[in-house]
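Working notes, beginning with the structure itself.
Laboratory data are not the source of any read-out in this text; all were calculated from the coordinates shown. Treat the numbers as computed from the prediction; the structure is a model and nothing was measured. Here the Cβ positions follow ideal geometry from the backbone for every residue, glycine too, while neighbour counts run over all protein chains shown.
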Amino acid sequence: MNVRNQAIRIFILLGLTSCELEKSNFNAKYLPYTQAFMEATGYNLLEPSESHILPETLTEISGLTLVNDSIVACVEDESGLIFLYSLSKEKMVDQLRFAGPGDYEGIELVGDDVFVLKSNGNLYQYSLSEQTTETIKTPLKRKNNAEGLAFDSTNNRLLILCKGSAGINDREIEGKAIYAYDLERGFISEPVMLITPQHMINWNQTQPAELKLSEKRLGFMPSGIAVHHNGDYYMVATVGKLLMVLSPSGNIKHAIPISPRVFRQPEGICFTSQGDLIISNEGQDGSGRIQVFDNALKN
């Protein structure tokens, strides 16, 4: 190797080392919260075990749901397509047309049906066997900015997470609301859970390491929701950069700041059958990503 090539190699290695050191120093402020969260839940939110760079069609990925432990179904903001992505093969394996273009934000597989959530609160029920779609209108409107969808199997209901206004029918409600669509009885008009700034302040005061609750963090805007196998509700927020865990009764169990170096724009969240955590990130100025976080407590 000549002197010039050797110098270039050393320069590149030093550059990579510098980048890793910068990332490590940046993430250091998240470490105490991350360690406490890992001890409690098993998830190290600074170190994904897998990171999948998505094709251009999923740059604006907005939600995902587990099909099986090797395939997830995804939606993005505009197309009206369900994309099937293989985690094991690291590529798209199929796509299904369920509706025309629209602002789609959440997706959930329930039996043979895929439910897709639009930002105006409408649900689209797509039958995999019949390849037909039924539109379900809810009282939610654009001002509610419905963003996340999850299946609560214990109560046989879909959970709809609102990033915007918490109230419906001109009712003013403070905080961020989770509404339910009961698969037998239909939409429930009262929020099943509500997270207010005061709830966050009260919880924070009981913590050994308090969060810095800035105005942005208190006004966090959750973008994804999933139900853990133990019944807890996990919510992720791009605005406010938080991951929050609620008990089945709606009490805050954890609220952890997440690193923007790891989570560029978290939008979707789900769990594998083994309890590993999967989070999708929109691309912003790059590619969309799916990240997997092993559950260290599963064994």
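Annotation for region 237-286: trypsin sites (Lys or Arg not before Pro) lying in DSSP loop with at most 14 further Cβ atoms inside 10 Å of their Cβ are Arg261.
Pairs of Cα atoms nearer than 8 Å and 6+ residues apart set the relative contact order; for region 80-122 it is 29 percent. Distance distribution P(r), region 188-277, all Cα-Cα pairs, bin width 10 angstrom from 0: 16, 49, 32, 4 percent. Computed from Cα positions, the angle between helix 3-27 and the longest principal axis of the chain comes to roughly 40 degrees. Computed from the C-beta positions of Asp112 and Ile173, the FRET efficiency with R₀ = 41 Å rounds to 0.70. In plain terms, the C-alpha convex hull of region 142-198 casts an average shadow of 4.1 nm² when viewed from every direction. I need the calculated FRET efficiency for the pair Ala209 and Ser86, taking r as the beta carbon distance and R₀ as 41 Å, to the nearest 0.05. The value I calculate is 0.55. Computed from the alpha carbon atoms alone, the convex hull of the chain holds 154 Å³ per residue. As a proxy for reagent exposure, ranking Val114, Val245, Val75 by other Cβ atoms within 10 Å from fewest up yields Val245, Val114, Val75. Convex hull volume of the Cα atoms of region 87-170, normalised per residue: 127 Å³.
Across the chain, the relative contact order, built from alpha-carbon pairs under 8 Å that are at least six residues apart, equals 18 percent. Starting from region 37-102, pick out the GluC sites (Glu not before Pro) whose DSSP state is loop and whose Cβ has at most 14 other Cβ atoms within 10 Å. Hits after loop and neighbour filter: Glu78, Glu90. Computed extension gain for Gln131 through Ile201, at 0.36 nm per residue and net of the alpha carbon distance, reaches 20.5 nm.
Shown here for region 80-122: trypsin sites (Lys or Arg not before Pro) in loop regions (DSSP other than H, G, I, E, B) with at most 13 other Cβ atoms within 10 Å, namely Lys89.
Packing, taken as the mean count of other beta carbons within 10 Å per residue, orders the peptides 207-215, 140-148 from highest to lowest as 140-148, 207-215. Compared with the dominant principal axis of the Cα atoms in the chain, helix 31-41 is inclined by about 50°.
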